[in-house]
Structure formats: C-alpha cells, structure tokens
C-alpha cells in the first residue's frame, strides 16, 4: 500500500513538472512573463571593434530572454551584442577589448542562463 501511495505522489510531481516545462518552452514560464510587455531594446554600437565572439547560451526561450541577455552583455564595457537568437541559443558579441570567459559567464549566469561555449570568430 505504501508503495502505491509513493508511486502516485511521484506521478503527480512528474505531471506538474512536465506542465511547468511545457509552459516554459511555449514562452509562458515565469522568466518569460514580466510586469511590462517586451519592448524594443536599444542596440548598442561599438567603435573600433577588434574581435567578435560567438556565445552559446542555454536557457533562452523567448524574446524576453533575448532582451535580458542582450541588456546584461551590453552592460559590459567594450562589448555589444551584434545579434542574438533564442531558438539557436546563439549570441554574436562584438568587442573592442579582450573579455574573459569568466566575466561573460558571470554576467549571463546573473540573469539565470548558462554560458555553454565561447568561440572567437
């Protein structure tokens, strides 16, 4: 009898987790809901671009996620997001000074996303 109750509890928890994941991937998750609607983000321009980086970022699911990552990366002096795509999980970052991978990781993690890979392009 105890085993049946435990299995029922586990089944209910798995159903609730699946519903939450489904909402998240549809852009209806808590990260995708903000108190204000998605607004256009100011595109930061950089002078004297010396390099570009391709960042693979895990966890972006909607335009709101893109805006959060763009704002965070644009806050770094000497960096500007050239393009971003939440579907592919890719960010192209223009730089006019060297940036450490640790700094990029810290900034992205502060927004709730994961930096998977950094490539020079």
Label-point gap, in nm, between residue 56 and residue 5 - each point 7 angstrom along Cα→Cβ:
4.6 nm
Can you give me the three principal axis dimensions of the stretch 51-120 from its C-alpha atoms, in Å, biggest first?
29, 20, 19
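Read-outs throughout are calculated quantities, based only on the coordinates presented, and are distinct from any laboratory measurement. All values derive from a computational prediction rather than experimental measurement. All Cβ positions, glycine included, derive from the backbone under ideal geometry; neighbour counts span all protein chains shown.
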